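J.: Please find one structure pasted underneath; my questions will follow.
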């Protein structure tokens, strides 16, 4: 089975919904979810679709979980997607971070977490962005991102790869 990220969205009637993510990469896997406003998903999808080229040091991120009381920062991340350039050959990295929720009465050690990287190309990123944008209108849409290349040797000289 290929290394992939799959998303589904369960829309609520108040302009929000729960985004579910499942990821598998290099033998690791996990699933989690977080609530997002429809507007935030649309804005993130737009940013991704227009993200050519991604700038080094300026990643695009979507984060959800338990927010601070002020609503300015995620205090407990449950679902995080971070896109950034990889090397100089047109690869895009996607860092997927998933975690279960923990509540005040629970031990912090009981939280399960997984963080993996998938790499893809800009065309797949645009396709992913279009399907992410369609999620709120077409709940049957299931955006996915597949691992495309092994970036570990992409920037190394030919003799080092042999």
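J.: Run down 44, 83, 128 and say which single residue is closer than 15 Å to residue 5 by Cβ and modelled with pLDDT under 95. Can you show your working first?
T.: Numbers: 44 fails: modelled with pLDDT under 95; 83 fails: modelled with pLDDT under 95.
Result: 128 is the single residue among 44, 83, 128 that is closer than 15 Å to residue 5 by Cβ and modelled with pLDDT under 95.
J.: Among the listed residues 65, 57, 71, 27, identify the single one that is more than 17 Å from residue 124 (Cα to Cα), crowded, with 17+ Cβ neighbours inside 10 Å, out of contact with any helix residue (DSSP H, G or I) (no Cβ under 9 Å at 6 or more places or on another chain) and without any contact (Cβ under 8 Å) to a residue 60 or more places away in the chain.
T.: Details: 57 fails: crowded, with 17+ Cβ neighbours inside 10 Å; 71 fails: crowded, with 17+ Cβ neighbours inside 10 Å; 27 fails: crowded, with 17+ Cβ neighbours inside 10 Å.
Going through 65, 57, 71, 27 in turn, just one is more than 17 Å from residue 124 (Cα to Cα), crowded, with 17+ Cβ neighbours inside 10 Å, out of contact with any helix residue (DSSP H, G or I) (no Cβ under 9 Å at 6 or more places or on another chain) and without any contact (Cβ under 8 Å) to a residue 60 or more places away in the chain: 65.
J.: Follow-up question, since we're still on this one. Any idea which of 18, 47 is surrounded by fewer than 17 Cβ atoms within 10 Å (Cβ to Cβ) and not in a strand (DSSP E or B)?
T.: Values: 18 fails: not in a strand (DSSP E or B).
After ruling out the rest, the residue left standing is 47.
J.: Which members of region 81-124 meet the condition of being surrounded by 19 or more Cβ atoms within 10 Å (Cβ to Cβ) and under 22 Å from residue 35 (Cα atoms)?
T.: 81, 83, 94, 96, 97, 98, 99, 116
J.: Taking the conditions exactly as written (at pLDDT below 90, more than 17 Å from the chain's Cα centre (by Cα), over 24 Å from residue 41 (Cα atoms) and in a loop (DSSP other than H, G, I, E, B)), does residue 152 satisfy them or not? Walk me through it before giving the result.
T.: Values: at pLDDT below 90: yes; more than 17 Å from the chain's Cα centre (by Cα): yes; over 24 Å from residue 41 (Cα atoms): yes; in a loop (DSSP other than H, G, I, E, B): no.
No: the conditions fail for residue 152.
The values are calculated or read from the model by the stated rules, or taken from the named source; none is laboratory data. Remember, predicted model here, so these are calculated numbers, not experimental data. FYI the Cβ positions are ideal-geometry reconstructions off the backbone, even for glycines, and counts take in every protein chain you see.
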